1. Mind ranking 124-135, 145-156, 94-105 by how tightly packed they are, going by the mean number of other C-beta atoms within 10 angstrom, highest first?
2. Sort the following peptides by mean Cβ neighbour count (other Cβ atoms within 10 Å, averaged over residues), highest first: 252-259, 172-179, 32-39.
3. Out of the stretch 168-234, which trypsin sites (Lys or Arg not before Pro) are coil in DSSP terms and have no more than 16 other C-beta atoms within 10 Å?
4. What is the dipole size for the stretch 28-94, taken about its Cα centre, with +1 at each Lys and Arg Cβ and -1 at each Asp and Glu Cβ, in debye to the nearest 20?
5. Can you check what the Kirkwood hydrodynamic radius comes to for the stretch 105-194, Cα pairs only, in Å to one decimal?
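What follows is calculated from the coordinates using simple rules that are stated; it is not laboratory data. Since the structure is predicted, the reported quantities are computational estimates derived from the model, not experimental observations. Please note: Cβ atoms are built from the backbone with ideal geometry, for glycine as well, and neighbour counts cover all protein chains shown.
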Amino acid sequence: MGKFIASPLTDPPSEDHREPFPILSLPEQLVEYILSFVPAECVVRDCPFVCEQFRRIVDSNAFWKMKCERDGKVIPSFQLDPLPKRYYRMIYLENPYGRNLLRNSQGDCREGEFAHWEVTTEMGDGWRVESFPVGADSLPLESQSCFATSFGPCIKEQVIDLVREGVACEILDTFKPPIEISEWYAARIDCGGVYHLMVELIDIVHDQVAIFDTGEITTPQWMGRRWKQVKHTFFDYPSGVRYVRFAHLGRDTQFWAGHYGAKMAAGVVRIAAEQTPPCPATTKGRLEAAGNRTLWQCNTRRFPMAGQQ
């Protein structure tokens, strides 16, 4: 007689074919806790398509708040009621509060020396990135890269979309969180230099609603070398702000060939995570368009938004 062959239905489960863990039979709060350990990219890409319960959990503010708190994301102190949809998800994925929103602020970006910038004017010998400041002191920073300018006005700008960076419209319009601006600048010791910073807050229809404008800061020959930092904080600006336009200019004062003009580095645009009391600017900047604007108007367009004619 032939051998008896056991039916698979009667065989005990082998170690290689264990029963799946019945996660869906657990309380939803516990499922949420388990899913909070899943990497964010997998949560966004895969979890919503597993089942309705997973989709509901990973689309909730409570789930993303848990992940923010565990992974040390900066959560603003502003209290919104009701919370915007996916409020904490944007905070987790973009981490917009407290970090520098200006990209490639020292020309040391792997994507290219001027990646993320729009060079609007480069007269003379144009812009250059120096890995170490030539003719000036070391930067008071870990990275020593800086932008150097020439004997004609060199201007570049960067426009930051605050909502795309993860700042909720409701936060911008209701609480108007402080927007902190700063940048380091220097002239060479052997040649005078001119530095000029202009930062604008732009609303949803691309109108300027506030401006910080240092005007020309001129450093005479033999008086340069030292790095200085310009700072400003926007407070209580009008509702509707959606963009920050950061533009700076440099040139020399003696029309020398090469890159003897002003240097700049480590520009910062930062959204504060809590309300702070106003403090005076450290330069002669002001919150309304005033002062000597001739240099900008003659040598560049009036900073229209990207794609706007």
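1. 145-156, 94-105, 124-135
2. Ranked from most to least packed, the peptides come out as 172-179, 252-259, 32-39.
3. Arg225, Arg226
4. For the stretch 28-94, the charge dipole is close to 120 debye.
5. 15.5
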